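The values are calculated or read from the model by the stated rules, or taken from the named source; none is laboratory data. Since this is a predicted model, take the numbers as computed values, not measurements. When we count neighbours, we look across all protein chains shown, and the Cβ atoms used for this are built from the backbone with ideal geometry, even at glycine.
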Amino acid sequence: MSENDDEYPDEYLDENGNEYPKEEPEQERGELKPCPFCGSKNTTLDYFEISCPQELGTLVLCGDCGSYSTSVDRWNTRPIEDALNKRIAELEAERRWIPVSERLPKEKQSVLALDRTGTAYHWEYSRSLSNIFVGYYTHWMPLPEPPEVKE
């Protein structure tokens, strides 16, 4: 008789007398996003029998507001949030300091150039002066589009 026999009833042991591995909640496994309505992480993934033992249905339930879905994909789909996150990532990539070791500006492109001291300068890039640019500046960023002037 092992130590576990005194601590755990048989239903908590597998056929070899070992404890079942502790299962992580669905959210910790990355299967479920928080509730799309109240933001709660108190969500449960459950299965139910549809018509026979081989066919199971899915039920995702929020324990706080009672919202539910019969599909994990529908529960996790956030089209507006996903579109906004994608656009934010695009804007952040567009408005970042680019190392000169990564790539150089296009010919005649006006940029902000950052020197080794952290001072920014306006620079119109030219390939003929690329040695100066690469030797002196560490990063660059495209200038934003000028505002539209309405007359």
- Message: I'd like to know if region 94-108 contains one or more residues that are crowded, with 16+ Cβ neighbours inside 10 Å and among the small types (Gly, Ala, Ser).
- Response: no
- Query: Residues in region 54-64: is at least one hydroxyl-bearing (Ser, Thr, Tyr) and either within 19 Å of Met141 (Cα to Cα) or outside any strand (DSSP E or B) (or both)?
  - Reply: no
- May I ask you to list pairs of residues, at least six apart or on different chains, whose Cβ atoms are under 6 Å apart, with the first in region 127-138 being more than 12 Å from Leu114 (Cα to Cα) and of a type in the set (D, E, K, R) and the second being at pLDDT below 85 and surrounded by fewer than 14 Cβ atoms within 10 Å (Cβ to Cβ)? none
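In region 95-124, which residue that is part of a loop (DSSP other than H, G, I, E, B) and in contact (Cβ under 8 Å) with a residue 40 or more places away in the chain is nearest to Glu145 (Cα to Cα)? First the steps, then the outcome.
Filtering region 95-124 for residues part of a loop (DSSP other than H, G, I, E, B) gives 95-97, 100-109, 116-119.
After this cut, where a residue has to be in contact (Cβ under 8 Å) with a residue 40 or more places away in the chain as well, the list is 95-97, 100.
Working: Arg95: 12, Arg96: 15, Trp97: 16, Val100: 22 Å.
Taking the candidates together, the pick is Arg95.
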- Note on the structure: Ser40 passes all but one of the listed conditions (1) over 26 Å from the mean Cα position of the chain (by Cα); (2) polar (S, T, N, Q); (3) part of a loop (DSSP other than H, G, I, E, B); the exception is number (1)
- Residue by residue through region 124-144, note down the ones that are modelled with pLDDT of 85 or more and touching a strand residue (DSSP E or B) at 6+ places or on another chain (Cβ under 8 Å). Glu124, Tyr125, Tyr136, Tyr137, Thr138, His139, Trp140, Met141, Pro142, Leu143
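Of these, Glu26, Glu92, Glu11, which one is modelled with pLDDT under 90 and part of a loop (DSSP other than H, G, I, E, B)?
Glu26 is the lone residue from the list that is modelled with pLDDT under 90 and part of a loop (DSSP other than H, G, I, E, B).
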